[in-house]
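All remarks here apply to the structure that follows.
The values are calculated or read from the model by the stated rules, or taken from the named source; none is laboratory data. No experiment lies behind these values; they were computed from the predicted model shown. Every residue, glycine among them, receives a Cβ derived from its backbone with ideal geometry; neighbour counts consider all protein chains shown.
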Amino acid sequence: MKKLKSLSTAAAAALTITGLLAFPVAPASAAPGQGNAWGKYLNVASRAFANPAHKVAVDSAAVWGPLKSSDDSPASATASAQANCSGCSAQATTLQVLSSAQAANIWANNTATAYTTGNWASSTAVSVQVVTATGSNVIIANNRAVSINEGCTGCTSTTAAFQYIIVGGKAQDLSDTARSIVRQIEQQLSFSFQSDSWRPESERSARAHASANDAAERARAVIAADTGGSVEARINVDAED
């Protein structure tokens, strides 16, 4: 089994504050759909598509690795969920962690989309993108969350996109443990969105934004403590009834 890189004392303190040390944490490489992705640029997508033959759809994906100095193409992280049948549910989560010490230019796109057309159906998508930069990089970053309901009764769509840009940290990548914990925060948020799908519109929207903001801040604290850098967070949430 791959040995985990240790968290710093500051990182461990941050995790204690967020309450996440109470949860068992597995190595990031042990989770389905995850792995190192080395190359000119990185693209990762999760796609959950619920239909009459598969009424419950869940998909999860994650990659991490470096952007090379020759990279002038965008890196992208996408989580897409779609529920097209009555009573169906779809959940998609994506995590992308990019280190960019060698890349002069960084172009990063992060998108979460949910589309629901089935009566009393629900779609949720959460995408998290983490980019470490040296401070000399030119960064073009786009972050968006889009939720759409079409022609359905009692249907819900909820999305959250978190994008973190870390500048000047002591570490060029997240430790295995920190990456696993950010992943856990993301999964918890997705299930929170799904479990709240039955709530009235005003209550559900308020809870979605509160849960997303809380999750985003907990993830930011873990990332900042682990890397020692300045973390810029971009948060987009969209909840549709």
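Among the criteria (1) crowded, with 24+ Cβ neighbours inside 10 Å; (2) modelled with pLDDT under 95; (3) within 30 Å of Leu67 (Cβ to Cβ), the one Thr156 does not fulfil is (3).
Looking only at residues that are out of contact with any Phe, Trp or Tyr (no Cβ under 8 Å at 6 or more places or on another chain) and not β-branched (Val, Ile, Thr) in segment 69-78, which one is modelled with the lowest pLDDT? Looking at the filtered set, the residue picked out is Ser70. Of all residues in segment 77-88, those satisfying the criterion of being surrounded by fewer than 23 Cβ atoms within 10 Å (Cβ to Cβ) and out of contact with any Cys (no Cβ under 9 Å at 6 or more places or on another chain) are Thr78, Asn84, Cys85, Gly87. Does Gln163 meet the test of being in contact (Cβ under 8 Å) with a residue 60 or more places away in the chain and in a helix (DSSP H, G or I)? Considered against the rule, which asks whether it is in contact (Cβ under 8 Å) with a residue 60 or more places away in the chain and in a helix (DSSP H, G or I), Gln163 comes out as no.
Which of the residues that make up segment 79-128 are at pLDDT 95 or above and closer than 18 Å to Ile140 by Cβ? Passing the criteria: Asn110, Thr111, Ser127. For Ser211, the test of being among the small types (Gly, Ala, Ser), over 16 Å from the mean Cα position of the chain (by Cα) and buried (at least 17 other Cβ atoms within 10 Å of the Cβ) is failed. Taking into account only those residues within segment 37-68 that are at pLDDT 90 or above and not in a strand (DSSP E or B), which is farthest from Ala114 (Cα to Cα)? Step by step, filter segment 37-68, then rank; the result is Ala53.
Note on segment 212-232: residues that are under 18 Å from Ala112 (Cα atoms) and either assigned to a loop (DSSP other than H, G, I, E, B) or touching an Asp or Glu at 6+ places or on another chain (Cβ under 8 Å) (or both) total 2. Here Ser197 meets each of (1) farther than 24 Å from Ala108 by Cβ; (2) surrounded by fewer than 18 Cβ atoms within 10 Å (Cβ to Cβ); (3) hydroxyl-bearing (Ser, Thr, Tyr) with one exception, condition (2). Here segment 201-229 is the region considered, the condition is being among the hydroxyl-bearing types (Ser, Thr, Tyr) and more than 13 Å from Glu186 (Cα to Cα), and the residue that is modelled with the lowest pLDDT is Ser202.
From the set of residues in segment 171-200 that are among the acidic types (Asp, Glu) and assigned to a helix (DSSP H, G or I), which is nearest to Ser100 (Cα to Cα)? Out of the qualifying residues, it is Asp176. Inside segment 173-194, residues that are surrounded by fewer than 20 Cβ atoms within 10 Å (Cβ to Cβ) and modelled with pLDDT under 85 make up a count of 0.
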